1. For chain A, rounded, prolate or oblate, judged on the Cα gyration tensor with a ≥ b ≥ c (square roots of eigenvalues), a/c < 1.5 rounded, else prolate if a/b > b/c?
2. Can you give me the relative contact order of segment A:1-155 as a percent, contacts being Cα pairs under 8 Å and 6 or more apart?
3. In segment A:199-233, whose amide N lies under 15 Å from the spot 7 Å out along Cα-to-Cβ of residue C:48? List them in ranges.
4. Against the longest principal axis of chain C, how steep is helix C:13-54, in degrees 0 to 90 to the nearest 10, with axes from Cα atoms?
5. Based only on Cα atoms, what mean projected area does the convex hull of segment B:79-161 have, in nm²?
6. For a protection proxy built on the mean count of beta-carbon atoms within 10 angstrom, sort B:82-91, B:119-128, A:16-25, B:215-224 highest first, please.
7. To the nearest 0.05, how large is the calculated FRET efficiency for residue B:216 and residue A:72 if R₀ is 22 Å and r is the Cβ-Cβ distance?
8. What share of Cα pairs, in percent, lie more than 18 angstrom apart in segment A:11-87?
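Coordinate-derived values only; no laboratory data. Worth saying up front: this structure is predicted, and the values here are computed from it rather than measured. No Cβ is skipped: glycine too gets one built from the backbone with ideal geometry, and neighbour counts run over all protein chains shown.
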Amino acid sequence: MAINWFKYSAPSTFYGLAGKLVPWFAWPAALLFCVGLYIGFFVAPTDVVQGEAYRIIFIHVPASILSMFIYLIMAAYAALGLIFNTRLSAMMATALAPTGALFAFISLWTGALWGKPMWGAWWVWDARLTSELILLFLYLGFIALQASIEDTRRADRAGALLAIVGSVNVPIIYFSVKWWNTLHQGSTIKFTGTSMHIAMQQAMFTMLVACWLYVIAISLVRVRSIILERERNTQWVKELAEIKQ
Amino acid sequence: MNRLSLTSLLLLVIRRDLLLAMRRRADVLTTLVFFVMVVSLFPLGIGPEADTLRKIAPGVVWVAALLASMLSLGRMFSADYLDGTLEQMLLVPQSLSMLVLGKIVAHWMLSGLPLVLIAPVLGLQFDMSAQALWVLIAALLLGTPVLSMIGAIGAALTLGLRGGGVLVSLLVLPLCIPVLIFGAGAVESVTTGMSAVSHLSLLGAMLMFSLVFTPWVSAQALRISME
Amino acid sequence: MNWAEFFAMKGYGFYVWGSYGVALLVLLLEIVLVRHKRTITLQQLRLMRDVGDEE
């Protein structure tokens, strides 16, 4: 069966499709959050070195991974929108940015709360924490730029260019921060990765999948509002059941 | 009109921008005074111990240079945008990237080069050694053009927006972090007795990389903003 | 299993629950905001339709 993907790249068709998809991502996300937290808190054993404090990784690591992935996906959507002039991908990029910034914030917050009992400091200039902070700045720049441009077409395209430049810069920033860190003998988070108990891995993986599903669900809901806002003058929006009532 | 060659176009744009800037000399001076002031404030805030000052000098000079170059970014395209020249520039048959490169070079000569020239004097305030001063000059010479080039992208994206000045710093500053790290790192490695060659060559690599890509990206950004 | 012991996390309770509490709070806040945005958007669209009908 051949699916016509281009059919779903039209905002009018995607609006309905997204609405149908949201529960299929939202409920499994909620379920997996519960399962992941259960395994993380009741099944996974206490870590020998870090005691109970290590349990923060079940939220910290998925949040860090996703904050980076979301930026790349956002940049990819933005690039698609810029090159092929598809309105929907630009809207997806806009919808993903706040969630990405949020995960970057969660990663920093939990990193600080993990760092305090482990190194005795709320903040250390660790290479990963520092890159995460810069990533948060990049997100905020993207959001601020789009927010200050009123013309949506220009906002989409300007944001896209910034996201692409940012994603080219991310590896350079990461390596320069890493180099800077080793030069100054900063502390690094070392977790006994190889000796991780199987239940710990399961908990982390479940939480990661849960976060993924959450991101998809929330950005679909957000993109639906964006679609409605931008297409408010079209006939199909006026004929929607939600509007007609 | 004769078809201009790319180099003569470049020189023409640079000369025009420099000429225009010379008619408003105060703008150039403001950036320079800002730079000097910010650097001189640090000893007042931290204390006059020579050891501490020597240690923080490269970082202070670089952060101040970063802020000073942000300050002048708004002027890179805005005057031409307001009087309509920029619209004409987008229509020229020659490469827009080359034109943008010309504006970047002019911007650097007006806001980057003066900083490089005054930096050794400021370095003396911080009791830097002669060798460290030379490395500081070399690093600034390699690094400040990169700041102007990355800044050009931000300036082009925020063209004509309200609150553009703060916004452009928000966009550009995170992207400039590698320059800051290696620029300050070069001076620091000399003061700790190591060679600065690796830092300087990485700065040089960044300069080459941005020289190839940023004029084109800024040109695209200008087209997006002017649509 | 003793719940008080569980919440104490062997002295790390503040850090562990501080992490998960804030993460949960932030995610819930996002959900509320996104749903609120949708309600507002729909309201605005209905308003626009009503204005359009009167014309």
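1. Values: a/c = 2.69, a/b = 1.55, b/c = 1.73.
In terms of gyration-tensor shape, oblate.
2. Across segment A:1-155, relative contact order equals 20 percent.
3. Residues A:224-233 fall inside that zone.
4. On a 0 to 90 degree scale, this one is about 10.
5. Values: hull surface 26.4 nm².
For segment B:79-161, averaging the hull's shadow over all directions gives 6.6 nm².
6. Averaged packing, sorted descending, gives the order B:215-224, B:119-128, A:16-25, B:82-91.
7. On the way: r = 22 Å, r/R0 = 1.01.
That pair, residue B:216 with residue A:72, gives E of 0.50.
8. Numbers: 1907 of 2926 pairs.
When all Cα pairs of segment A:11-87 are counted, 65 percent exceed 18 Å.
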